[in-house]
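To start, the structure itself, in structure tokens.
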Amino acid sequence: MRGLIYKEFSVFYKCIDRKLIFIVIGFTALLICTAGSYGGLMASILFAMTIGMQNVMSFTSDEKANWKKYQMAMPLSNFAVVAGKYISVICTLGISLLGSLAFMALAGMVYGGVGAGVWKLAFFAAVLIPLLWTGICLPLTYWFGVQPAQAMGMLIIVPVTYLIKYFEDGSGLGEMTVFLSSHLALAIPVTLVLFALSMAVSAAGYGRKR
């Protein structure tokens, strides 16, 4: 089990595209310049979405290596195999949190400090967004394959972008942080329950293919 978790995390790390890194850096610089003291929060959200996306994209590497045939031959239960992937997702939250810390610190240095509420929201976003992303996309991967999951991942971007644009053009990003903070008490348990249920659904999908 530990070896499987290590393998999943290693694949996640090795599948990181350098082009994607440069794109994230470029967008981070743009957000910090245009979103003011909220740039660190916006960058944290973008980075968290990238972490969630990368966890799904790592399946592409498994397909190229024909890993599925070997994986199905391992003396592990369906749930244990899928749990290894989900635990590796939890491990990647550390990367998401470190990125959020760096972005928020940079925004604070540029604009002379960031409010405690924005810091809190950035850290919760760094944890909840990857869990939500994978909680939705991983069952699709285990049941239908990588491409449907990637398509769903692209659809998830739409409401997030619309939400940010709605507040940016209207009442401002400050009101967006108030809105999101007021819904954290609901978002946290919903995301955790969804992630747990997602693992059960994924295990059923994986077992169906064995």
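The values are calculated or read from the model by the stated rules, or taken from the named source; none is laboratory data. Keep in mind it's a predicted model, so treat the numbers as computed, not measured. Methodologically, a virtual Cβ is constructed for each residue, glycine included, from the backbone with ideal geometry; neighbour enumeration extends over all protein chains shown.
Given the conditions (1) in contact with a helix residue (DSSP H, G or I) (Cβ under 7 Å, 6 or more places away or on another chain); (2) among the small types (Gly, Ala, Ser); (3) loosely packed, with under 13 Cβ neighbours inside 10 Å, which single one is not true for SER182?
(1)
Can you tell me which residues in the stretch 133-147 are surrounded by fewer than 22 Cβ atoms within 10 Å (Cβ to Cβ) and either under 23 Å from VAL190 (Cβ atoms) or basic (Lys, Arg) (or both)? Before you say what the answer is, go through the steps one by one.
Initially, the stretch 133-147 is screened for residues surrounded by fewer than 22 Cβ atoms within 10 Å (Cβ to Cβ), giving 136, 143-147.
Result: ILE136, TRP143.
Anything in the stretch 33-49 that is closer than 16 Å to ILE90 by Cα and surrounded by fewer than 23 Cβ atoms within 10 Å (Cβ to Cβ)? List them, or say none.
If the condition is that a residue be closer than 16 Å to ILE90 by Cα and surrounded by fewer than 23 Cβ atoms within 10 Å (Cβ to Cβ), then MET49 is the only one that fits.
Going through ALA107, ALA126, ALA116, ALA122 one at a time, which residue ends up being surrounded by 21 or more Cβ atoms within 10 Å (Cβ to Cβ) and over 20 Å from GLY52 (Cα atoms)?
On inspection, the qualifying residue turns out to be ALA107.
Tell me, please, whether a residue that is modelled with pLDDT under 75 and part of a helix (DSSP H, G or I) can be found in the stretch 36-45.
Step one: of the stretch 36-45, the residues modelled with pLDDT under 75 are none.
Within the stretch 36-45 (the criterion being modelled with pLDDT under 75 and part of a helix (DSSP H, G or I)), the answer is no, since none of the residues qualifies.
Could you run through the stretch 188-205 and say how many residues are among the aliphatic types (A, V, I, L, M) and within 15 Å of the chain's Cα centre (by Cα)? Even if it seems obvious, please write down each step before you answer.
Going through the stretch 188-205, the residues among the aliphatic types (A, V, I, L, M) turn out to be 188, 190, 192-194, 196-197, 199-201, 203-204.
If we keep only those that are within 15 Å of the chain's Cα centre (by Cα) as well, we get 188, 192, 194.
Qualifying residue count, the stretch 188-205: 3.
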